[in-house]
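Colleague: What follows is a single structure, and I will ask about it in a moment.
None of the figures in this text is laboratory data; all of them are computed from the coordinates on show. Fair warning: this is a prediction, and the values are worked out from it, not measured in the lab. Cβ coordinates were reconstructed from backbone atoms using ideal geometry, including for glycine residues, and neighbour counts include every protein chain displayed.
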Amino acid sequence: MASLLGLSDRTVYQMVRDGRLPAVRVGGRWRFRPEEIERWLTDEGADRVGRRRGGFGPAAAVQGPAVQRPAAHGPAVHGPADAVELDRSAFERTVGGIEDPLERRLVFVGLLAAASKARGWLPPVVVGGHAVEFYTAGGYATVDIDLVSAHEPLVEVLPGWGFVSRGRHWLHEDLGLVVEAPGSHLEAGQRERVTRVEVGGVVAHILGVEDVIVDRLAACVHWRSEEDCGWARVLLGLFAGRLDLDYLGERARAQEVEVRLSDMLEAEGSASKDAPS
């Protein structure tokens with residue numbers, strides 16, 4: 001399939017996971033139906049693949065969100081009391097009534113944060129593709145909600161809201177929510193740099209933009225994913241002048257991607273100098 005679409009294996013896998021490419025999972029393997037792939041190519045898929053083949057497309061179009069960056073030790077923020085113990089019907093009414101997919105997922109994360117903190121657990125933090133989606137204001141599209149979260153609050157809360165466990169994922173088919181917790185702990189210093197977003201009366205926690213950039217660079221360098229290189233460049237451009245470059249460089253060295261980061265920052269600086277005033 002990767003060779004047919006002119007994409008890398010990793011890009012195809014990520015597109016399947018993000019819901020951008022139609023596939024079904026059978027016996028632990030992803031299977032593609034020819035008629036669905038043909039339809040995808042005929043509709044919006046051909047345009048997307050063309051952009052990937054010809055270079056990274058979204059960079060010029062994406063507009064970043066106005067992010068309120070918290071202080072390193074900002075005040076603890078709690079969701080409304082009625083968000084802590086929602087029953088299934090109230091949860092589904094609350095989240096299901098939100099049309100925008102990104103806002104719906106953020107409200108869910110905020111509700112889960114309130115419920116987790118009420119049980120004495122740290123609030124989950126959005127990582128991965130959903131974090132990129134937030135920082136690019138929907139420019140990056142994904143379906144999965146990747147969280148760093150302890151296992152216990154997921155087990156205690158999600159079944160009561162109508163989620164069903166499927167391997168590593170929690171699914172709420174009616175609401176189109178797919179949750180995975182690939183990790184339970186952030187690295188030292190990362191939690192103090194999360195972005196707190198108030199939406200729908202609750203607060204969602206998003207991995208800091210510097211850490212998201214380094215995650216994309218790690219996939220770019222170690223997985224040879226040019227698509228992730230592109231999203232790292234997008235984020236560097238969107239948040240130019242608002243990044244903690246010392247912390248960014250420190251994290252890049254730890255992940256052995258400092259050379260690629262330096263090249264991108266140099267290119268970004270050259271582009272800024274060449275831009276008309």
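Colleague: Could we say that A114 is farther than 15 Å from A204 by Cβ and either part of a loop (DSSP other than H, G, I, E, B) or in contact (Cβ under 8 Å) with a residue 12 or more places away in the chain (or both) here? Explain how you work it out, then say what you get.
Modeller: On the way: farther than 15 Å from A204 by Cβ: no; either part of a loop (DSSP other than H, G, I, E, B) or in contact (Cβ under 8 Å) with a residue 12 or more places away in the chain (or both): yes.
Judged against the criteria, A114 is not a match.
Colleague: Within the range 121-157, take every residue that is in contact with a Phe, Trp or Tyr (Cβ under 8 Å, 6 or more places away or on another chain) and of a type in the set (F, W, Y) and give me the one that is surrounded by the most Cβ atoms within 10 Å (Cβ to Cβ).
Modeller: It comes out as Y135.
Colleague: While we're on this one: Residues that are within 20 Å of the chain's Cα centre (by Cα): list the helices (runs of 4 or more DSSP H) wholly contained in the range 142-260 that include at least 3 such residues. Spell out how you get there, then give the answer.
Modeller: Working: elements: 151-157, 209-222, 226-238, 245-254.
Fully inside the range 142-260 and qualifying: 209-222, 226-238, 245-254.
Colleague: Looking only at the range 97-106, filter to residues that are surrounded by fewer than 24 Cβ atoms within 10 Å (Cβ to Cβ) and assigned to a helix (DSSP H, G or I); which one of those is nearest to the chain's Cα centre (by Cα)?
Modeller: L102
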